[in-house]
Each structure stands twice: as structure tokens, then as C-alpha cells.
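Novice: Please see the structure below; I have some questions.
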Amino acid sequence: MVKRVPFIAGNWKMNKLTGEAQAFAREFKALTREFAGVDIAICAPFTCLTVLRDELQGGPILLGAQNMFYEQSGAYTGEISPAMILDAGCAAVIIGHSERREIIGETDETVARKTRLALEAGLRPIVCVGETLAVREEKRAVPHVRAQVEKALAGLGPDDLSRVTVAYEPIWAIGTGRTATAADAQEICALVRGTIAGLAGAAAAEKTRVLYGGSVKADNIAELLGTGDIDGALVGGASLNAADFAELIRRALVAV
Ligand code: PEP
């Protein structure tokens, strides 16, 4: 069995000004200095990226963006390219977060294009999938998530997939304080891995990290990580405070 390094990524969403980001980075670096055996990322607003790059340079904490456009350059007013976020210090990028799918209108097609372009640029995409409450209540979560994964990752080979992370985030659990049970989260994360195996083979699926996201906190991370197919978490609210986020990661490390 392949041992996957746990991955905990914070998603700040539309929070923090540059001064707040800098203060967070200084405190968080100090709090996590001794942590080993875990990959940590902070996915910050575009405006905070260069400040964070300068603070985190040379250290183990990865910097991520929360979105990018699906073209390299050109007349796309207000958009940001993969080269631009790389230039701003990013190693990773969230693609297809449910808030972008639901509020901004991102589609499976744009998610697929962005995922490919991120990989071409040398970025690590964190591809988000997950069902609404209505879909879950209609017992369609499994086909819904399977289709999202197939559309986002179709055609990618094992090398590309080893740089992809998939985050399963049930929309009804994001920012609501309502977490999926560890068993429900495990069921869908196993489905994600099985879907990747169907696309690119079992060996590739074993290497791909699958995260759970949705009201993850220090109190529930250990149970989620104990399930088998959950390799870490995409963390929104609980990543905004350096001490809380460091404590969540400390508890993750105890659990794995
Ligand atoms: C998220 O932003 O991806 C998320 C899971 O948010 P929260 O942890 O606040 O539910």
C-alpha cells in the first residue's frame, strides 16, 4: 500500500488584508516550525500572495491561489493567469471550489480546462468536487461526484495525477458547522479514488491525495484522517487564525 503524505490546505476565501496576512504568516511559521511529515498550504486572496511569498520563502509552507483563468494570457479583463500566480509565489491553486461553481457559475468544462492548464504551468491543482444538500437527499451524491471527477480529470495520465489533489467538499457542510460523518466522507473519498483508478489505473489512484473539506476543525480532523481514503483536509474558517490552524495540523499529525 502506498503511504501518502497528509496534506492540509487552508482556504482563506475573501478574507485578510496584506498586513493581516503578513502577521498570520509570521505567527504560523513559528507555530509550525517543528512539524514534519505533512504538507501544508495556504490558499490566499491574490492581493496577499506576494506578501506571503516573501514571508514563507525558503520554508516548507506552500502558497496557493484560490482560482486562475483557463487561458495563458490575452484580453480577459479581471482574470489572472497561471503564470501570474506562479510569479506571485504559488505552487498550488484551488480549482472549481463550490463557491465558484455555485456563485460565479464555473462549470465542469472550465474546471477541466483550468486543471489542465495548471498542470501545464507546473502548478498543483486542488480540484474541488461535492454535492448540494438537495443532491444528497435525493441519494444522488455518488453519481454526481463521480461525474464531476471524471469530467475534471479525464485524459490525465499517472504523472499528471500524481500532482493533482482532489478535495471532496459536500456543499451543505461548508461554513455551516455541519461536518459529514467520517463514514460518509470516507465513502465519497473512496469513490473519488475508485473513479481515478477507472480513469488512469489503480497505481495512479493510490498516489493521488484526496482531501475532505467542510467545517473541519481541530476537534474532528483526527477522526476524518483515521478512515483510510482521506489524506488531509481543505480548511476554510479554521485556517484564518494561526493558532487554531496550527493546532488542527498538530492533531492531524498525531492521528496519522
Ligand atoms: C472551504 O472553504 O473549502 C471550506 C471547507 O470551508 P469551511 O472549512 O469553513 O467549511
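The values are calculated or read from the model by the stated rules, or taken from the named source; none is laboratory data. Here the structure is a predicted model, which is why all the values come from computation and not from measurement. Glycine also receives a Cβ, built like all others from the backbone with ideal geometry; neighbour counts cover every protein chain displayed. Heads up: the accessible areas ignore ligands, DNA and RNA and are worked out on the full protein's heavy atoms, side chains in. Shrake-Rupley method; radii C 1.70, N 1.55, O 1.52, S 1.80 Å.
Novice: Output the number of the condition that residue 28 fails; it satisfies all remaining conditions of (1) among the aromatic types (Phe, Trp, Tyr); (2) free of Cβ contacts under 8 Å to residues at least 40 places away in the same chain; (3) not in a loop (DSSP other than H, G, I, E, B).
Specialist: (2)
Novice: While we're looking at this one, here's another question. Condition test on residue 171, is it among the β-branched types (Val, Ile, Thr) and surrounded by 24 or more Cβ atoms within 10 Å (Cβ to Cβ)?
Specialist: No: the conditions fail for residue 171.
Novice: Listed residues 31, 62; which is surrounded by 13 or more Cβ atoms within 10 Å (Cβ to Cβ), closer than 26 Å to residue 230 by Cβ and over 20 Å from the mean Cα position of the chain (by Cα)?
Specialist: Only one candidate qualifies: 31.
Novice: If the requirement is being at pLDDT 95 or above, among the hydroxyl-bearing types (Ser, Thr, Tyr) and surrounded by fewer than 18 Cβ atoms within 10 Å (Cβ to Cβ), which of these qualifies: 107, 115?
Specialist: 107
Novice: While we're looking at this one, here's another question. Condition test on residue 133, is it open to solvent by 10 Å² or more (accessible area, probe 1.4 Å), within 15 Å of the ligand (Cβ to nearest atom) and not β-branched (Val, Ile, Thr)?
Specialist: yes
Novice: Filter the range 188-237 down to residues that are away from the ligand (no atom under 16 Å from the Cβ) and of a type in the set (Val, Ile, Thr) and give me whichever is most open to solvent (accessible area, probe 1.4 Å).
Specialist: Checked the range 188-237; the qualifying residue most open to solvent (accessible area, probe 1.4 Å) is 227.
Novice: Separate question: For the subset of the range 142-179 comprising residues that are within 12 Å of the ligand (Cβ to nearest atom) and either within 19 Å of residue 7 (Cα to Cα) or in contact with a Leu (Cβ under 8 Å, 6 or more places away or on another chain) (or both), which member is modelled with the lowest pLDDT?
Specialist: Among residues in the range 142-179 that are within 12 Å of the ligand (Cβ to nearest atom) and either within 19 Å of residue 7 (Cα to Cα) or in contact with a Leu (Cβ under 8 Å, 6 or more places away or on another chain) (or both), the one modelled with the lowest pLDDT is 179.
Novice: Ok, one more. Quick one: count up the residues across the range 238-247 that are open to solvent by less than 10 Å² (accessible area, probe 1.4 Å), in contact with an Asp or Glu (Cβ under 9 Å, 6 or more places away or on another chain) and within 15 Å of the ligand (Cβ to nearest atom).
Specialist: 0
Novice: Here's a follow-up. Return only the number of the condition from (1) at positive phi; (2) at pLDDT 95 or above; (3) not aromatic (Phe, Trp, Tyr) that residue 228 does not satisfy.
Specialist: Looking at each condition in turn, residue 228 falls short on (2).
Novice: State all residues of the range 60-83 that are in a loop (DSSP other than H, G, I, E, B), in contact (Cβ under 8 Å) with a residue 12 or more places away in the chain and in contact with a Ser or Thr (Cβ under 9 Å, 6 or more places away or on another chain); if no residue qualifies, say none.
Specialist: Of all residues in the range 60-83, those in a loop (DSSP other than H, G, I, E, B) come to 60-61, 66-81.
When the remaining residues are screened for being in contact (Cβ under 8 Å) with a residue 12 or more places away in the chain, the result is 60-61, 66-72, 80-81.
Result: 60, 61, 68, 69, 70, 71, 72, 81.
Novice: Looking at the range 84-130, which of its residues are within 16 Å of the ligand (Cβ to nearest atom), under 14 Å from the mean Cα position of the chain (by Cα) and outside any strand (DSSP E or B)?
Specialist: Scanning the range 84-130 gives 96, 97, 98, 99, 100, 111, 130.
Novice: Exactly one of (1) open to solvent by 60 Å² or more (accessible area, probe 1.4 Å); (2) of a type in the set (Val, Ile, Thr); (3) closer than 26 Å to residue 199 by Cβ is unmet by residue 142. Its number?
Specialist: Here residue 142 meets the rest and fails (1).
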